[in-house]
Structure formats: C-alpha cells, structure tokens
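The values are calculated or read from the model by the stated rules, or taken from the named source; none is laboratory data. Treat the numbers as computed from the prediction; the structure is a model and nothing was measured. So basically every Cβ, Gly included, is an ideal-geometry build from the backbone, and we count neighbours across all protein chains shown.
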Amino acid sequence: MKKKINWALAIAVLLIGGGINYYFITMSQYNTTEDLYGFPVPRNAELVHINEQGKRYNWSNNK
C-alpha cells in the first residue's frame, strides 16, 4: 500500500512540476505592451508599420 502512495505522489509531483515549467516557458516567449493594453506580443516579432490605427508586427514561428 505504501508503494502505491509513493508512486502516485511521484507522478503527481512530476505532472505539477511539468505544468509549471510549461507555463513559464510559454509565457517567457511574449512581451506585454502598454500601447495594446497588456496584449501579449511575441518576443521575436518585428515592428513593420505604425499608423494612427495601430501597429503592425511581422513574426514567424521558425525563428
């Protein structure tokens, strides 16, 4: 019985730890801008055009 609890606890710790790592890795790929009221913009996006209606960014998933 004690082995089952240890295995369940180990699996739970691994899943929770993996979820936390996934969240922080995913969130570290974006910047929030005050111009867009906190909307996330990818870090590798480059600003292409600015006009009175807003900003246009270009980015690729291959970078």
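Just a few scattered comments:
- Pairs, first within 15 Å of GLN29 (Cα to Cα) and modelled with pLDDT of 85 or more in the range 47-62, second exposed (fewer than 10 other Cβ atoms within 10 Å of the Cβ) and of a type in the set (A, V, I, L, M, F, W, C), C-beta under 8 Å, six or more apart: none
- Filter result for ILE25 (within 11 Å of the chain's Cα centre (by Cα), at pLDDT 85 or above and either in a helix (DSSP H, G or I) or loosely packed, with under 11 Cβ neighbours inside 10 Å (or both)): yes
Residues are listed down the side, and each one gets a yes or a no for (1) surrounded by 10 or more Cβ atoms within 10 Å (Cβ to Cβ); (2) not basic (Lys, Arg):
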{"position": "MET1", "(1), (2)": "no, yes"}
{"position": "ALA8", "(1), (2)": "yes, yes"}
{"position": "VAL13", "(1), (2)": "yes, yes"}
{"position": "ARG43", "(1), (2)": "yes, no"}
{"position": "LEU47", "(1), (2)": "yes, yes"}
